[in-house]
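Shown next, in structure tokens, is the structure this report addresses.
The values are calculated or read from the model by the stated rules, or taken from the named source; none is laboratory data. As the structure is a computational prediction, the values presented were derived from the model and not from experiment. Methodologically, a virtual Cβ is constructed for each residue, glycine included, from the backbone with ideal geometry; neighbour enumeration extends over all protein chains shown. The accessibility values were calculated without ligands, DNA or RNA, using every heavy atom of the protein model including side chains. Shrake-Rupley method; radii C 1.70, N 1.55, O 1.52, S 1.80 Å.
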Amino acid sequence: GMDEFAMKKGHRDYATVIVDLERVEIIDILEYREQAKLIEYFENKGTEWCEGIEVFCSDMWQGFINTAKTVFPHATLVVDRFHFFSYLNKAVDSQRKSLRRQFKDKEEFKRLKWALLKNPENLTPAQKDKLGCAFLQSPELKLIYDHKEKFRAIFNKNLTRKQGEIELNKWMEEAKKMKNKHLNNFLYMLNDWKEYVLNYFIHRFTTSVIEGINNSIKTVKRMGYGFRNFANFKQRVLISFA
């Protein structure tokens, strides 16, 4: 698994963390995220090492996917489910924002974001009531919310890749019928990444482990008040996970 993190807040100087998802161990931390440098790094590990990689998981940054396609010939490429879920959440939230702009004085659409994005099983009674009131005012909001939950349910089922593809195709056809611009934006993205999204049903890996590691890396950065030397920073992170 691979993910990036910013060395300085607000800057685009990304570093890369590489993790063994099966053993939950950091393989390496690199001072760069450029595709060409990543390819060179893995090629230097040797053909046998690269050919031994069975599964690769990352977010939807094309550079990571292109790197994996180049250097891991036998790997199944999986896009992290939580990253494409976040795009669907953005579609739902965009619908909420549209209603807020259109009906500025309606209480039903105020302070609604977290209730909409939260999993239903984690909602408080007050949040459930708030959603119910909002859905009465906007049936379209309820429909896009229901689509979000149906999508999540597909990936929580124990399906084969073929079964997952059938269910996902049905979901996409139903979602298209809404003709909702926010949901359509998600559908365009999903169609582009569909092959890698469906691979989740083969190997149910996610980058959630790396997200946790990245949070710990941020803590190390804060404790060190910024590291001027990357080698020292890397050593400090690796020691903290030893």
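A few notes on this one:
- When the solvent-accessible area of the stretch 1-104 is split by element, carbon and sulfur atoms take up 44 percent of it, the probe being 1.4 Å.
- Using all pairs of distinct alpha-carbon atoms, the Kirkwood hydrodynamic radius of the chain works out to 20.2 angstrom.
- Positive-end ranking of A126, S216, I65 along the dipole of the chain, with charges on Cβ about the Cα centre, is headed by A126.
- Cα lying deepest toward the dipole's positive end in the stretch 1-97, options Y87, L38, F56, charges on Cβ: Y87
- FRET E, pair T47, N185, Förster distance 45 Å, beta-carbon r, rounded to 0.05: 0.65
- Structure remark: mean-square fluctuation, Gaussian network model of the chain, C-alpha springs under 10 Å; the largest value among N122, N158, N191 belongs to N122.
- ³J(HN,Hα) computed for each position of the stretch 152-160 - Karplus, 6.51 cos²θ - 1.76 cosθ + 1.60, integer Hz, glycine/proline x: 4, 5, 4, 7, 8, 8, 8, 10, 6
- Residues of the chain were split at every exposed loop site, defined as trypsin sites (Lys or Arg not before Pro) in a DSSP loop with at most 12 other C-beta atoms within 10 angstrom, and the longest piece left, sites excluded, is 24-103.
- Relative contact order of the stretch 83-242: 21 percent, from C-alpha pairs under 8 Å at least 6 residues apart in sequence.
- The local environment of E54, defined by Cβ-Cβ distances under 13 Å, has a net charge of -3 under the rule Lys, Arg +1 and Asp, Glu -1.
- Helix axis angle, 230-240 relative to the chain longest principal axis, alpha carbon, degrees: 70 degrees
- Sequence of H182, H74 when ordered by accessible area, the most exposed leading, probe 1.4 angstrom: H74, H182
- Charge tally around N158: other residues with Cβ under 14 Å, Lys/Arg +1 each, Asp/Glu -1 each, net +3.
- Rounded to the nearest 5, the antiparallel percentage of DSSP beta bridges internal to the chain is 70%.
- Other residues with beta-carbon under 13 Å from the beta-carbon of E107 carry, at +1 per Lys or Arg and -1 per Asp or Glu, a net charge of +3.
- Only DSSP H runs of four or more residues enter the estimate; each adds -39500 (n - 2.57), and after division by the residues of the chain the mean residue ellipticity at 222 nm equals -19000 deg cm²/dmol.
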